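Let me begin by presenting the structure, written as structure tokens, before commenting on it.
The values are calculated or read from the model by the stated rules, or taken from the named source; none is laboratory data. Because the structure is a prediction, the values reported are computed rather than measured. Cβ: placed from backbone, ideal geometry, glycine included. Neighbour counts: every protein chain shown. Note: accessible area is taken over every heavy atom of the protein model, side chains too, but ligands, DNA and RNA are not part of it. Shrake-Rupley method; radii C 1.70, N 1.55, O 1.52, S 1.80 Å.
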Amino acid sequence: MQVRAQAAAMPLLEETTLPQERPPTIPVVIIGNGPSGICLSYLLSGYKPYFDTKTVHPNPILYRKLQEAKHMPITEQDLEYLSEGLEGRSTNPVAVLFDTLLHPNADFGYEFPSVLQWRRDKTQHIPHLVLGRSTPGGAWHAMEGSMLTISLGIWMELPGVNYRVLTNGKRRDVTGDRATPEEISSYYCNYVKLKGLQKNFADNTYVTSVQKLCRGHSEEGQENGHTGPTNSGDLEGSDAGALWEVRGYQQLQSHSHVPFSLFAENVILATGASDSPVRLGVEGEDLPFVFQSISDLGQALSQKKLDMNSDPVLIVGAGLSAADAVLCACHSKVKVLHVFRKSTNDPDLIFKQLPKTLYPEYHKVYNMMCSQTYTSAGSSTLPNRPQATSIASSVCAKMCPKPQLPTAKVTDVSLFPDYTSFPEHCVVSFQPDMKCLLQGNNSLKAFKVSMVLVLIGTNPNLFFLKDQGQYLGQDSTKPISCKQNQIDINPYTFECTKEPGLFAMGPLIGDNFVRFLKGGALGIASCLLKRYKKKEKIISNGGNDFI
């Protein structure tokens, strides 16, 4: 986006001052330009999904419902009625509905074509602005480009643009349907260009404050030290009786910051969940040898701070990020101590949910977790097998559903002898002398380590909201967590139950996989289109006047 155009949308001002003229009012502001924000922008730009009458959906009940209103776009239909009775690998009914329309019977291993047909109606365009910290694609740009995602490439695609066509149908081997983050981020950037959505996106933009401004209530406009419009005349652009003030800055190529302030009738939270690593909360976690990112391990290896003669690297966690760290360390012949709370028989372990033919490297780690465990006698049970010479270290993008469970336990693999697992153990403390204290069922063990990686998940950072958005959660007494305390929403409109005009989608409501987070875009777009149509406020110019 050109700076001049950006300035029109985001008036320049100091963070602590107000512009002389009231900032522009925008119907919709989307915070986050990952696949969630991109998909919603597509649906708000006049692209409408219709049932393709030339297709037959394999679900006979849904097929009958689709035929009942085949001339009406899905966004104008009753989403609750359409999604009733559907089952899938998301707890959100609209996410399951949209997924089965885009990928019928995907959970059964089929690759049926979509039953949707997309048509553009520019009279149904709702002006909106998508604010993102990078170029479109969000966190995908920060991932290692040579590593493989967990999801199949076709599950990463967005409506209207076939992933395989755009990536030239690349296939590498048996895992060839998996994609690299580089391919995915390129796909998302190209998607925005192909669909003509660039005018809706403001890149390299950081939001620092989002607060509601109510008619006639000056105190509402002065939370967190900010001032704002305090009477109905100031807010005449809002039919709902309230506006959201969004403040922040855009980082330019010169590394200078351009502050902005604008008003929005609706704000969409599509920020994802990768902002803040989850902490153990134990003594010594802030010591300089304790890290929360696999990239720190890669940096230590590249700088030759670790080798086969180093003390072990301690890896904490039983998810795919921890498995990636294990693979990375073992590939470099660095000794590994792997600590996790769960039993290796726990059915919730992600490794039990991945087909071994597609994910051989993760089944290698899982086999090691099961067979190379620390014994109470003080020695680990390590098989006498040669060191594997090479393995592809892959970082999971955590964007896939749960495939069918593997039917057989992996046994024919080459394991790494310098690896020891500690199932059902937890970290008690880290000490300045680089010793770590671990607690098992009835014992305490101390180990000297060279480095610690705590990889137990991430939480969203909603610092720009009042009380960091905690009041929006299903349990308002606890911080927002994508796994344990998601934002409480209406399951069909995705509007926050505790804050009208504020919507949430993606990991913030528990949909971590691209395949399902697209349902949030369908629900929000359907809600907003119906509301603006009812108010006869649909913008028909096909563009954004405020940009």
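Can you go through PRO259, PRO288 and tell me which one is at pLDDT 85 or above, part of a loop (DSSP other than H, G, I, E, B) and either of a type outside the set (Phe, Trp, Tyr) or open to solvent by less than 20 Å² (accessible area, probe 1.4 Å) (or both)?
On the way: PRO259 fails: part of a loop (DSSP other than H, G, I, E, B).
Of the residues listed, the single one that is at pLDDT 85 or above, part of a loop (DSSP other than H, G, I, E, B) and either of a type outside the set (Phe, Trp, Tyr) or open to solvent by less than 20 Å² (accessible area, probe 1.4 Å) (or both) is PRO288.
Mind checking which residues of segment 79-136 are within 30 Å of PRO24 (Cα to Cα) and hydroxyl-bearing (Ser, Thr, Tyr)?
THR123, SER134, THR135
Scan segment 86-136 for residues that are in a helix (DSSP H, G or I), modelled with pLDDT under 85 and open to solvent by 60 Å² or more (accessible area, probe 1.4 Å) and report the count.
The initial filter retains those residues of segment 86-136 that are in a helix (DSSP H, G or I), namely 93-102, 106-108, 122-124.
Filter again for modelled with pLDDT under 85, leaving 106-108.
Next, from what is left, pick out any that are open to solvent by 60 Å² or more (accessible area, probe 1.4 Å): 108.
Count: 1.
Of all residues in segment 320-340, count the ones that are open to solvent by 20 Å² or more (accessible area, probe 1.4 Å) and touching a Phe, Trp or Tyr at 6+ places or on another chain (Cβ under 9 Å).
Start the filter on segment 320-340 by keeping residues that are open to solvent by 20 Å² or more (accessible area, probe 1.4 Å), which leaves 321, 328, 331-333, 335.
With the extra rule that they be touching a Phe, Trp or Tyr at 6+ places or on another chain (Cβ under 9 Å), the set shrinks to 331, 333, 335.
Within segment 320-340, residues that are open to solvent by 20 Å² or more (accessible area, probe 1.4 Å) and touching a Phe, Trp or Tyr at 6+ places or on another chain (Cβ under 9 Å) number 3.
I'd like the full set of residues that are of a type in the set (Gly, Ala, Ser) and surrounded by fewer than 20 Cβ atoms within 10 Å (Cβ to Cβ), limited to segment 421-433. Show your work before the answer.
Taking segment 421-433 as the starting set, the residues that turn out to be of a type in the set (Gly, Ala, Ser) are 421, 429.
Of everything in segment 421-433, just one residue is of a type in the set (Gly, Ala, Ser) and surrounded by fewer than 20 Cβ atoms within 10 Å (Cβ to Cβ), namely SER429.
What number of residues in segment 53-78 are open to solvent by 10 Å² or more (accessible area, probe 1.4 Å), part of a helix (DSSP H, G or I) and either of a type outside the set (Asp, Glu) or closer than 30 Å to CYS482 by Cβ (or both)?
In the first step, residues of segment 53-78 are kept if they are open to solvent by 10 Å² or more (accessible area, probe 1.4 Å); the result is 53-56, 58-61, 63-65, 67-72, 76-78.
Going one step further and asking which of them are part of a helix (DSSP H, G or I), we end up with 60-61, 63-65, 67-68, 76.
Imposing the further condition that a residue be either of a type outside the set (Asp, Glu) or closer than 30 Å to CYS482 by Cβ (or both) reduces the set to 60-61, 63-65, 67.
Matching residues across segment 53-78 total 6.
Out of LYS305, LYS356, which single residue is modelled with pLDDT under 90 and basic (Lys, Arg)? Steps first, please.
On the way: LYS305 fails: modelled with pLDDT under 90.
Result of the check over LYS305, LYS356: LYS356.
Quickly run through segment 469-516 and pick out the residues that are more than 18 Å from the chain's Cα centre (by Cα) and part of a helix (DSSP H, G or I).
Across segment 469-516, the qualifying residues are GLN470, TYR471, LEU472.
What are the pairs, 6+ residues apart or on separate chains, where a residue within segment 492-505 that is over 15 Å from TYR471 (Cβ atoms) has its Cβ under 9 Å from a residue that is among the hydroxyl-bearing types (Ser, Thr, Tyr)?
TYR492/SER83; TYR492/SER526; THR493/SER526; PHE503/THR493; MET505/SER36
Return the pairs, sorted by first residue and then second, in which the second residue is open to solvent by less than 60 Å² (accessible area, probe 1.4 Å) and in a loop (DSSP other than H, G, I, E, B), the first residue lies in segment 333-349 and is under 18 Å from VAL428 (Cα atoms) and of a type in the set (D, E, K, R), the beta carbons are less than 8 Å apart, and the residues are 6+ apart or on different chains.
Sorted first by the residue in segment 333-349, then by its partner, the pairs are ARG341/ALA318; ARG341/HIS425; LYS342/ALA318; LYS342/LEU349.
Identify, from the list ALA300, ALA273, the residue that is buried (at least 18 other Cβ atoms within 10 Å of the Cβ) and assigned to a loop (DSSP other than H, G, I, E, B).
Numbers: ALA300 fails: assigned to a loop (DSSP other than H, G, I, E, B).
Residue meeting the stated conditions: ALA273.
Looking at segment 434-450 only, could you name the residues that are outside any loop (DSSP other than H, G, I, E, B) and either open to solvent by less than 10 Å² (accessible area, probe 1.4 Å) or hydroxyl-bearing (Ser, Thr, Tyr) (or both)?
Selection gives CYS436, LEU438.
Pull out all pairs, ordered by first then second residue, where Cβ-Cβ is under 7 Å, the residues are six or more apart or on different chains, the first lies in segment 282-305 and is within 18 Å of LYS435 (Cβ to Cβ) and touching a residue at least 60 places away in the same chain (Cβ under 8 Å), and the second is of a type in the set (S, T, N, Q) and part of a loop (DSSP other than H, G, I, E, B).
GLY284/GLN431
So which residues in segment 475-518 are modelled with pLDDT under 95, small (Gly, Ala, Ser) and open to solvent by less than 10 Å² (accessible area, probe 1.4 Å)?
Matches in segment 475-518: GLY506 only.
Run down CYS330, CYS370 and say which single residue is hydrophobic (A, V, I, L, M, F, W, C), touching a helix residue (DSSP H, G or I) at 6+ places or on another chain (Cβ under 9 Å) and either part of a loop (DSSP other than H, G, I, E, B) or under 27 Å from LYS445 (Cα atoms) (or both).
Numbers: CYS370 fails: touching a helix residue (DSSP H, G or I) at 6+ places or on another chain (Cβ under 9 Å).
The unique qualifying residue is CYS330.
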